Ligand code: UDX
């Protein structure tokens, strides 16, 4: 199948590369000439494990290319995926669809022969129908169909999530659209992946409902963690105990400093906006957004308490800045609130992140960026783990203790065991455990 992928952000680039890996011929389109040139030269604009190798291999095989020429990519394609960004609008949290609709207009102008136009971007319910209206108005002569194909990719495991999904969700209005999508995903279906067909509107809502539910699950266990601290229970054991119920399941029950990322914050706000637009309250998701934002802001206060009530004039070492491991993405990372809160309380912040420091430099000020974890903690009054990168799981605790001015260790991801840390002589603080 010949595919045009419009947009080479996290979703478009990973999806385009994976479609070419499945054997399709993919032309990825972006307006950013520098980005297209870098991709053509096999230089990745994002950190995503395995992506560089997949892009290089499929580019070498001639199945994957990058271009700024949308018209040529679309005119040669049987399916065009719109994967441009849908950021939150600052004023109301609604999804900004300007890039989606602009792409739809350009696609319309370039249509040449029967073409399926697919939204891969996360878009509010009704967007697919609006895209159909935009195209039909611009090109009454065009022979096209519309489909919705939301992605469920997690940064850091996006390729695995694409190639081994729990399901592929497809919203399609016509049998022809369904058949083309079945042909595109045939390699995955052959390996046992269920293709779930539904309407455009339902597929669009499934994406938001999935992310909002996952964000709710995380926020729930975070609040249970606070209760565990008050009653002397262990949140990890609570998560295990409830997760063994197959109606609940064990995943996304890891208590932490609050969720961040490019999706949960954006998608929960967009769901609330959808509720407002349609006059349907979304009280649970409203609470999730409020509780999560409050939690991220409260984390700095936990460090201050661990340091005896004040961090003025102290140096605090932060390990991990990205919103999760195995990504360079800082969007809505808890580290942004934690670093800002500590600096506002008078601390000097030193930090190390394996991949995120370049991105962090764009959103954090006055941070001392260090070459590795031990350099960051050298002479610090406390050490704080904010992101659970694997390389922070095996720290030499004797060396940590010798480098810290005070043996204060705050672990916001429960990487270490309280008993071990007490034995090692640390004043250890974590989430939801004694
Ligand atoms: C998420 C969804 O998982 C994915 O399906 C969707 O397509 C995009 O949004 P992503 O944001 O990349 O993916 O990362 P994810 O692994 O879901 O983590 C999101 C946030 O939740 C991170 O800040 C992470 O630290 C936090 N989290 C996740 C927890 O605090 N506890 C958990 O148990 C899981």
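The values are calculated or read from the model by the stated rules, or taken from the named source; none is laboratory data. Worth saying up front: this structure is predicted, and the values here are computed from it rather than measured. We place every Cβ from the backbone using ideal geometry, glycine too, and count neighbours over all the protein chains shown.
Checking the structure you have, find out if any residue of the range 329-352 is in a loop (DSSP other than H, G, I, E, B), within 16 Å of the ligand (Cβ to nearest atom) and surrounded by fewer than 21 Cβ atoms within 10 Å (Cβ to Cβ). Step through it out loud before you land on a result.
Of the range 329-352, the ones in a loop (DSSP other than H, G, I, E, B) are 329-333, 345-347.
Retained after the next criterion (residues that are within 16 Å of the ligand (Cβ to nearest atom)): 329-333.
Within this subset, residues satisfying the condition of being surrounded by fewer than 21 Cβ atoms within 10 Å (Cβ to Cβ) are 331.
Checked against the condition, which is being in a loop (DSSP other than H, G, I, E, B), within 16 Å of the ligand (Cβ to nearest atom) and surrounded by fewer than 21 Cβ atoms within 10 Å (Cβ to Cβ), the range 329-352 yields at least one hit.
Pairs, please: C-beta under 8 Å, at least 6 apart or cross-chain, first residue farther than 18 Å from residue 306 by Cα and in the range 376-391, second within 16 Å of the ligand (Cβ to nearest atom) and assigned to a helix (DSSP H, G or I)?
387/335
Out of the range 223-263, which residues are near the ligand (Cβ under 8 Å from one of its atoms) and in contact (Cβ under 8 Å) with a residue 40 or more places away in the chain?
Here is the first cut: in the range 223-263, the residues near the ligand (Cβ under 8 Å from one of its atoms) are 251-263.
Result: 254, 255, 256, 257, 258, 259, 260, 261, 262, 263.
Are any of the residues in the range 192-211 more than 13 Å from the ligand (Cβ to nearest atom), farther than 20 Å from residue 258 by Cα, free of Cβ contacts under 8 Å to residues at least 60 places away in the same chain and in contact with a helix residue (DSSP H, G or I) (Cβ under 7 Å, 6 or more places away or on another chain)?
Yes, there is a match, as at least one residue in the range 192-211 is more than 13 Å from the ligand (Cβ to nearest atom), farther than 20 Å from residue 258 by Cα, free of Cβ contacts under 8 Å to residues at least 60 places away in the same chain and in contact with a helix residue (DSSP H, G or I) (Cβ under 7 Å, 6 or more places away or on another chain).
Could you look through the range 382-403, keep only residues that are buried (at least 22 other Cβ atoms within 10 Å of the Cβ) and in a loop (DSSP other than H, G, I, E, B), and pick out the one that is nearest to the chain's Cα centre (by Cα)?
Among those that are buried (at least 22 other Cβ atoms within 10 Å of the Cβ) and in a loop (DSSP other than H, G, I, E, B), it is 387.
Condition check ((1) closer than 30 Å to residue 231 by Cα; (2) within 16 Å of the ligand (Cβ to nearest atom); (3) part of a helix (DSSP H, G or I)) across all residues:
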| position | (1), (2), (3) |
| --- | --- |
| 363 | no, yes, no |
| 366 | no, no, no |
| 414 | yes, yes, no |
| 420 | yes, no, yes |
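Would you check if residue 220 is modelled with pLDDT of 95 or more, within 12 Å of the ligand (Cβ to nearest atom) and either farther than 24 Å from residue 167 by Cα or touching a strand residue (DSSP E or B) at 6+ places or on another chain (Cβ under 8 Å) (or both)? Before the answer, list the steps.
Numbers: modelled with pLDDT of 95 or more: yes; within 12 Å of the ligand (Cβ to nearest atom): yes; either farther than 24 Å from residue 167 by Cα or touching a strand residue (DSSP E or B) at 6+ places or on another chain (Cβ under 8 Å) (or both): yes.
Criteria met by residue 220.
Enumerate the helices (runs of 4 or more DSSP H) found wholly within the range 1-79, keeping only those where 2 or more residues are surrounded by 16 or more Cβ atoms within 10 Å (Cβ to Cβ) and touching a helix residue (DSSP H, G or I) at 6+ places or on another chain (Cβ under 7 Å). Write out each step before concluding.
Details: elements: 10-21, 33-40, 51-60, 70-75.
Qualifying helices (runs of 4 or more DSSP H): 10-21, 51-60, 70-75.
Name the residue, out of 324, 266, that is within 30 Å of residue 374 (Cα to Cα) and touching a residue at least 24 places away in the same chain (Cβ under 8 Å).
Values: 266 fails: within 30 Å of residue 374 (Cα to Cα).
Testing whether each residue is within 30 Å of residue 374 (Cα to Cα) and touching a residue at least 24 places away in the same chain (Cβ under 8 Å) leaves just 324.
What pairs can you find where one residue is in the range 129-140 and closer than 11 Å to residue 104 by Cα, the other is modelled with pLDDT under 95, and their Cβ atoms are less than 7 Å apart, with a gap of 6+ or different chains?
none
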